[in-house]
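Every number here is computed from the coordinates shown, using simple stated rules; none is lab data. Just so we're clear, the structure is a prediction, and the values are computed from it rather than from any experiment. FYI the Cβ positions are ideal-geometry reconstructions off the backbone, even for glycines, and counts take in every protein chain you see.
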Amino acid sequence: MSETQAHDAALAWGRGHRSPTPVDFALWHVRATRGDDGLVVEFDATPASNRHLGSGTEDVVRAFCHALDVRVDEVVDWSVPRFCSTYYSDYSTSDSGDSAEDLGGDWADRHPVGWHVRITVVGTGIEGYRGVGPFGARGVDETWQPSGAYWVPGHERCELIADVVGAEPDVTALAAAAAEVFDAPAVASAELGPALHHVVVSLGDHDVATAVDRLDHLRAAALELGWSPSARRTDRLFVEHPRSST
C-alpha cells in the first residue's frame, strides 16, 4: 500500500467511526505509526463526561485502543501529559468560532483541559492519520480521583493550538506574538495529513484564571493570520475536503 493509499484508508476509517453514543472521552487527531517497539498511537483526549485522566492505566489505554480498532497483544508503555487550550472548547457562540468574540461561556469553559496521549503497543491497527475527529471512547482511569471543582483549570501547561490547511506555515509572526506576552514560548509544527499542518505553541505552566487575557490574545492573533484555532473549524476545512489544497 502506498503512502497516499494508507492516508486515504485511515481517513475513510475516521469518517465512518464517529460515535454519537454516550462516551467518557473524545479522541482527536488520531494517528498511528510503526516504531521500533511496536505500533505507536497518538491523539489528544478531552473529557466527554465527568471522567478525567491521571497518569493512566493499562485498562484505560486498552479501552482507547479498542475504540480505535487497534488490536493489542501487549501494552509497551504510555504517556498522558495534561494541557489546557481553547482549541477543544465546546463554548462558542457561533459554529465557526471565527473571531475572539465568538468564544462564549466563562473563562473555565473557554479553556478546557485535555491530554496528549501516546501509546505504544505490540499489535495491529490502521496506520496513518485518521482525521480531526472526535472519536468516542469509554474508559475509567483509576489513578484519577475527583476533588473540589475538578473541571475548573488550575495551574496548567498552557498551549495555543492552531491548524493551517495548505502550504507549510511560516510560524514567525505567531511566535513573535507569543513572545510579547509569554516568556520563552516554544513553537512546533507537524504535518498530520495531506496539507494539514498542526501548530502547537507551548507557553509554559500558568494559573489559567490570571492568564486568560493573554491566552485569548494569542487565539485572536492566530485568527488574524487566517489559521484555525478550533478543532471543529479545522474539521470543516480539512476532513470534508482533505485534498482541496493539494
Query raised in the report: Which FRET efficiency, nearest 0.05, do THR210 and ASP37 yield, Cβ-Cβ r, R0 30 Å?
Result: 0.15
Query - Cα-centred dipole magnitude for the range 155-238, charges only on beta-carbon of K, R (+1) and D, E (-1), debye, nearest 20 - result: 300 debye
Requested in this report: Rank the residues THR57, THR124, THR210 as a footprinting-exposure proxy: fewest other Cβ atoms within 10 Å of their Cβ go first.
Outcome: THR210, THR124, THR57
Query raised in the report: Net charge near VAL208, counting Lys/Arg +1 and Asp/Glu -1 over other residues with Cβ under 14 Å of its Cβ?
Result: -3
Query - GLU58-ARG236 FRET efficiency (beta carbon distance; Förster radius 30 Å; 0.05 resolution) - result: 0.25
Report task. Give the calculated FRET efficiency between ARG118 and ASN50 to the nearest 0.05, with a Förster radius of 25 Å applied to their Cβ-Cβ distance. Result -> 0.55
Query - Whether the range 131-245 is rounded, prolate or oblate, judged on the alpha carbon gyration tensor where a/c under 1.5 counts as rounded - result: oblate
Requested in this report: Determine the dipole magnitude for the range 104-246: charges of +1 sit on the beta-carbon of Lys and Arg, -1 on that of Asp and Glu, nothing else is charged, the reference point is the Cα centre, and the result goes in debye to the nearest 20.
Outcome: 480 debye
Query - Shape category assigned to the range 150-194 from the gyration tensor of Cα positions, a/c cut at 1.5 - result: oblate
Report summary line: Placing each pseudo-label 7 Å from Cα in the direction of the beta carbon, ASP77 and ALA184 end up separated by a distance in nanometres of 2.4 nm
